[in-house]
1. Please work out which one of (1) touching a residue at least 40 places away in the same chain (Cβ under 8 Å); (2) over 32 Å from the mean Cα position of the chain (by Cα) is the condition Gly207 fails and give its number.
2. With a cut-off of at least 3 residues that are open to solvent by less than 50 Å² (accessible area, probe 1.4 Å) and more than 19 Å from Ala104 (Cα to Cα), name the helices (runs of 4 or more DSSP H) lying wholly within the range 468-564.
3. Of everything in the range 108-165 that's within 12 Å of the ligand (Cβ to nearest atom) and assigned to a helix (DSSP H, G or I), which residue is farthest from Ile381 (Cα to Cα)?
4. Only residues that are acidic (Asp, Glu) and within 13 Å of the ligand (Cβ to nearest atom): list them for the range 315-329, please.
5. Can you give me the number of residues within the range 349-367 that are under 24 Å from Ile140 (Cβ atoms) and open to solvent by 40 Å² or more (accessible area, probe 1.4 Å)?
6. Across the range 336-358, what is the number of residues that are within 12 Å of the ligand (Cβ to nearest atom) and part of a loop (DSSP other than H, G, I, E, B)?
7. Among (1) in a helix (DSSP H, G or I); (2) within 16 Å of the ligand (Cβ to nearest atom); (3) in contact with a strand residue (DSSP E or B) (Cβ under 8 Å, 6 or more places away or on another chain); (4) small (Gly, Ala, Ser), there is one condition Gly332 misses while meeting the rest; what is its number?
Amino acid sequence: MSGDIGADLGQRVVTAVQNAFSVDCTIEDAAVRPSQREGVDYQINAAMALAKRLRRPSREIAAEIASHLEMGAMARTVDVAGPGFINITLSDTWIGEHTARLAADSRLGYRPAAPQRIVIDYSSPNMAKEMHVGHLRSTIIGDALVRLFEFAGHEVVRQNHLGDWGTPFGMLVEHLVDEGLDRQEFSISDLNEFYREAREKFDGVEGFADRARARVVALQAGDPDTLDLWDRLLGESKRHIEDVYELLGVKLGPGDYKGESTYQPVLGDVADELLRRGLAEWSEGALCVFLEGFTGRDGDPLPLIVRKRDGGYGYDATDLATIRYRAQDLKGDHLVYVVGSPQAQHFALIFAAARKAEWISPETTTTHVGFGSVLGQDGKILRTRAGASLKLTDLLEEGVQQAAAVIADRTDLNEGERAEIARAVGIGAIKYADLSTDRIKDYVFDWDRMLAMEGNTAVYLQYALARIRSIMRRAQAVPELGAPVAVGEGAERDLALVLARFPDAVDTALRHLQPHRLATYLFELATTFSSFYENCPVLKSEGTVRQSRLALAAHTAAVLERGLGLLGIDAPERL
Ligand code: ARG
C-alpha cells in the first residue's frame, strides 16, 4: 500500500473500474483529488471521461464504480454527487491508525520507486570570474534536487561542470605574466577586478589581444608553463566558489568537479565518431551536426558546432563529449542539467544529437531543469547599487547580517545561539525565496519579504518547527513517533490529512523536478498546525487526548524538519 491516501484511492478506483466494466484505466484517469468541500475528504472524478468511452451516463458510471470500490474500514461514507463525482469521507478511526503508521515510517510514508543512477549537472560556474546570481540558482536548486533524489533512494552522481577552459584563460594567464605574478606566490582577493583589468587590456593595450590568443593556443597545446599558470589561477577561482559552497552548506566538493577541461583530450575522438556515424558534416569550414526541427530565429537550420573553422572546439563540442561520458562511462539512467532557461535550445540539441548517435539508450531520460532570473527591485537582473555584478559571498553575508539584526534584541539567546540562528535564517531565507517559487519564473530579490515572520518564508517554517520543539520540551514525556492518534476534533483531522500528503508532495516535487511543490506543502502544513494549536490545547489537555495531540505535534515536527532538510535548509533548535 502506498503511504499517500490519494494514490491509494486511485489504485482502488483502477481496480473498481476493471471489475465493473472490464476496461483499463490509469491512476491519472482515476482523477482523485483532496477536496476542500466541507465534510468531503477526497473526490473521485473518473466517471466523466469514462462516460464518453463507454457511452453511458456519467452518474450511472459513478454509481457503478462506487459499488465496486472496496473501501473496507477506510471510508465512513462513499457518495455519488452531481454529474458523477464520488465523494469520500474517511473514517476517523482509520485516519488515526494511518497517521500512526506514517509517523512510524522512516520516510514518513513516502514509497520510493525503483532506484536509478542520476547524473546531475549543477552550479557549474565559469571560473575566470566570481560566481554570479545565475549560478547561485543552479547551486540551490541542484542541491535540493540531489537531496530529494537521495531521499527517494536513487544513486546520485554530482557533476560540477566548471567553465575552466578557453579564451578567458588565455587572457588571464597573459595578464598574470604582465603583472609579474607568474614568478611568485599570489592570491587574488578580487577575481572580478582581476578579470576586468585583463579585459581592459584586451580591448585597449596594443598587442595584448594577440598575446592572449597565443596563450590560448599554448594552453590547448599543453605548454607546461602555461598549464602551470592556468592551474594556479584555477586554484584561486576554486577558493572563491568553495567559500560560497561553504556558506551555503551545499553538498558539492572537489570530488564532484568535472570541468570542461577534463573533456579536452577526447574532443577529437568525439568529432571523428560523429563523422564516422554520418551525423556531422562540413559546412563553411566548420564541422556541424544538423538536426531536424532545429532552426534559428531567421528560420535557418541551427547546427551544433563540433569543430570551429579555426580548428578549435567550443561549448557545443564539450557538451557532446560530456553527455557521451555521462551516458556511457557513468551509465546514468537519468541525465539532469540544472542550467538557466536561456540554454534550453542548446540542451535540446545536445540531447537530440546524443540520441541520434546512440550514446543514450531509449530507456535513459534526459532533462534540462531550466530556471528564470533573479531580479532586483527595479525589475532588472540583480546587481549591486553601483551597478556592478554582484559578489555572491557579499550577498550571502548580507543575508546573515540581516537575519542577525532581526534577532538583535533577543536577550534570551547567547552569542553562539545567535550566530547559529543568524546563519540558518539568513541563508535559509535566500534558499527558500528561490525554492518556493516555480523555478521557471523570474523572482524579485527582496530582503524584507524573504525575512518576513509571516507568510511563505523560511523563517516562518523555522519558527513553526522551533515552537513545536519547545512544546515538546515542555511536555517532557513525548510519545514515540507512531504512537496512537485519535482525531476527534476537526482541526486534528485536518492536520492528520495534511500530514498524510507528505509522500505526495515529495513525489510531485520529484516527478516535475520542482522543489516549490514541496515548499508550498510545508507552508500549508505549518499554517494547518497553527490552527490546530489554536483550537486544540496540547499541554493543557489530559490523558489519551494529550498523548494523541503530542503525537500529532511530534509528527508535524518530523515532517517539517525532513521537508526543510530536503530543501537544504537548516532549522535551529530554538528561534
Ligand atoms: N558554465 C556554464 C555557464 O555559466 C554552465 C554550464 C552548464 N553545464 C553544461 N554541461 N553545459 O553558462
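The values are calculated or read from the model by the stated rules, or taken from the named source; none is laboratory data. Quick caveat: nothing in here was measured; it's all calculated off a predicted structure. Because the Cβ atoms are built from the backbone with ideal geometry, glycine has one as well, and the counts that use them run over all protein chains shown. Accessible surface areas use protein heavy atoms only, side chains included; no ligands, DNA or RNA. Shrake-Rupley method; radii C 1.70, N 1.55, O 1.52, S 1.80 Å.
1. That leaves (1) as the condition not met.
2. Values: elements: 490-499, 502-512, 515-535.
Those helices (runs of 4 or more DSSP H) span 502-512, 515-535.
3. This residue is Gly142.
4. From the range 315-329, those acidic (Asp, Glu) are 316, 319, 329; that's our starting set.
Correct list: Asp316, Asp319.
5. 1
6. Going through the range 336-358 one residue at a time, the tally reaches 2.
7. Checking Gly332 against (1) in a helix (DSSP H, G or I); (2) within 16 Å of the ligand (Cβ to nearest atom); (3) in contact with a strand residue (DSSP E or B) (Cβ under 8 Å, 6 or more places away or on another chain); (4) small (Gly, Ala, Ser), the one that fails is (1).
For (1) open to solvent by 20 Å² or more (accessible area, probe 1.4 Å); (2) hydroxyl-bearing (Ser, Thr, Tyr); (3) closer than 24 Å to His135 by Cβ, each residue gets a yes or a no:
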position	(1), (2), (3)
Tyr245	no, yes, yes
Asp256	yes, no, yes
Tyr263	no, yes, yes
Ala271	no, no, no
Ala317	no, no, yes
Lys331	yes, no, no
Tyr337	no, yes, yes
